[in-house]
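What follows is a single structure, written as C-alpha cells, with notes after it.
Just so you know, all these numbers are worked out from the coordinates, no wet-lab data involved. Please read all numbers here as calculations on a predicted model, not as lab measurements. We place every Cβ from the backbone using ideal geometry, glycine too, and count neighbours over all the protein chains shown.
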Amino acid sequence: MRAFLISDDAGVLTCTVADLEPTASDVDDLLVQVDFSAINFKDAMVATAMSRVRRVPALIGGVDAAGVVVRSTSDQLPVGTRVAVHGGNMGVGRDGGFAEFVYTPARFISPLPDTISTRDAMIIGTAGFTAMESVLALQDRGLNPGSLVLVTGATGGVGSQAVAYLAALGHRPVASTGSTDETPWLLERGAERVIGREDVSDQPGRVLGTELWDGAIDCVGGETLASILRSLRYGAAVAACGLVSNPELHSTVYPFITRNVALLGVDCVEATGETRSRVWSALGDLAPRIDFAALIDHVVQLDGVPESLELIRHGRTRGRIIVDPTSS
Ligand SMILES: NC(=O)c1ccc[n+]([C@@H]2O[C@H](COP(=O)([O-])OP(=O)(O)OC[C@H]3O[C@@H](n4cnc5c(N)ncnc54)[C@H](OP(=O)(O)O)[C@@H]3O)[C@@H](O)[C@H]2O)c1
C-alpha cells in the first residue's frame, strides 16, 4: 500500500511516500481500508525533527482516518462497517491514517451514523469531535440555547466546527480570529459576530473583567484562556481544548471563587467508548444541518501532505485539509 512515512534520524527528518505493508501492533487489531484522512495541527507537531509529540523515530503519519473495516475480530465491528478511527497512539506512536490501510485496536474505532459519509467524517475528524465534545461539556454544565459563546482560533479545524455546531444548536457563537479577512466566511458558518484576537482581553490589569460570555471554547491557551476566565458570566464555563498560542496558564482563583466559573478540560485522544458514542451520535443528529463541504480548505493526495503540513504549521489554513490516500 502507499503511505506517508515520517522518519527522524537523530534530528534529520525525512518525509516520503513509500510502498509499505500494513503492520498490526497486536493480534486483535482490526484492519480498516482508508477512504479519507485529514491533516491536524498535531500532525504538524509529529512531522517535526526531534518532535516531543512523536513517540517513535519512524511511523506512518496521520491521527485521523475514516473508511471501512476489512478484517475484524470484533462482533461489534464486522467487516463492511463504515468507521472513523482516531485516538490513542495513532499517528503518534503507531502507524496512522496517511495510508491506504490502517490497523488499529477496536477501542479507537467508532461506527459512523448513517447521516455521515466517510468523507464528511474526515471533515469532522478529531477537530470536529473535539468541537462537539466541548459543546456537550458546556451543555452538561448548563449552557442553554440562545447563549453567547466565545470561540477562539475560530478559522481553525476545531474553531470553525465549534462555530458551526453552536449556531446549528441555537447558541450565539462569537468568533475570535487573527484572520479578520475571514470575517465573511465565519459569519456564513454561523458566527453572530467576529472579533479580533486582541479583543478577547478585557481590562487585562484587573483580576476580573466585565462579565461578557455565557460560555467559551478555547483553542488558544495562554493569556487568551486567562482573559476568558476573567470575562465569563457568573456560573459560566470555558471548555479548554487547545494550546496553539501557549500551553501555560496564569490566573488568579477569583473567577472560580467569586463568579463560580468552571474550567472544563476536553480531550479526544483517550475519550471513553461511552464518550465516543455520545459525540458521534450528536454529530450524526446535527449532520443534516451542517454544510460540511464549506468547511474544507483543500484536498490533497499523499504526496501533497508536506506542503499542507507547512500551511497548518503557520496558521495559513481555514477549516479542514482532507487527505485522499487512494488517488495519485
Ligand atoms: N483536546 C483535544 O483532544 C484536541 C483535539 C484536537 C485539537 N486540539 C488542539 O486544538 C488546537 C486547535 O487545533 P486545530 O486542529 O483547530 O488547529 P488549526 O486548524 O491549525 O487551527 C488553529 C487556529 O488557531 C489560531 N492560531 C494559530 N496560531 C495562533 C497563535 N499563535 N495565537 C492565537 N491563535 C492562533 C488560528 O485561527 P485564527 O486565525 O482564526 O485565529 C488557527 O487557524 C490545537 O492546539 C490542537 O492541538 C486538541
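Here the label points at Glu188 and Asn260, each 7 Å from Cα along the C-beta direction, are separated by 4.2 nm in the simple model. Whole-Hz Karplus values for region 10-21 come out as 6, x, 9, 8, 10, 10, 9, 8, 10, 8, 9, 8 Hz, taken residue by residue from phi with 6.51 cos²θ - 1.76 cosθ + 1.60 and θ = phi - 60°; glycine and proline positions read x.
Semi-axis lengths, largest first, of the ellipsoid equivalent to the chain are 34, 21, 18 Å, with √(5λ) applied to each eigenvalue of the Cα gyration tensor. The dipole here belongs to region 1-123: it is taken about the Cα centre, uses +1 on the Cβ of Lys and Arg and -1 on the Cβ of Asp and Glu, and is about 300 debye. In region 233-279, the C-alpha radius of gyration followed by the widest Cα-Cα span (Dmax) gives 13.6, 36 angstrom.
When peptides 316-327, 275-286 are ranked by their average number of other Cβ atoms within 10 Å per residue, the highest-first order is 316-327, 275-286. Considering only the Cα atoms of region 126-265, their convex hull presents on average a projected area of 7.1 nm².
Quick one: compute the contact order of region 1-147, relative version, from alpha carbon pairs under 8 angstrom and 6+ residues apart, as a percent. Relative contact order, region 1-147: 26 percent. Applying the Kirkwood pairwise sum to the alpha-carbon positions of region 68-124 produces a hydrodynamic radius of 11.9 angstrom. Computed over Cα pairs, the Kirkwood radius of region 1-126 leads via Stokes-Einstein (0.692 mPa s, 37 °C) to a diffusion coefficient of 228 µm² per second.
The listed peptides 243-252, 64-73, 31-40, ordered by packing as a protection proxy, come out as 31-40, 64-73, 243-252 (highest mean of other Cβ atoms within 10 Å first). Based on DSSP H segments of at least four residues, each scored -39500 (n - 2.57), the chain has a per-residue ellipticity at 222 nm of -8000 deg cm²/dmol. Relative contact order, whole percent, for the chain stands at 19, derived from Cα pairs under 8 Å and 6 or more residues apart. Between the Cα long axis of helix 273-286 and the first principal axis of the chain there is an angle of about 70°, rounded to the nearest 10.
Highest-first packing order for the peptide set 121-129, 301-309 is 121-129, 301-309, based on the mean count of other beta carbon atoms within 10 Å.
On a 0 to 90° scale, report how tilted helix 222-231 is relative to the longest principal axis of the chain, with both axes built from alpha carbons and the result rounded to the nearest 10. Result, in degrees: 40. The spacing between region 288-328 and region 188-255, judged by their C-alpha centroids, is 28 Å.
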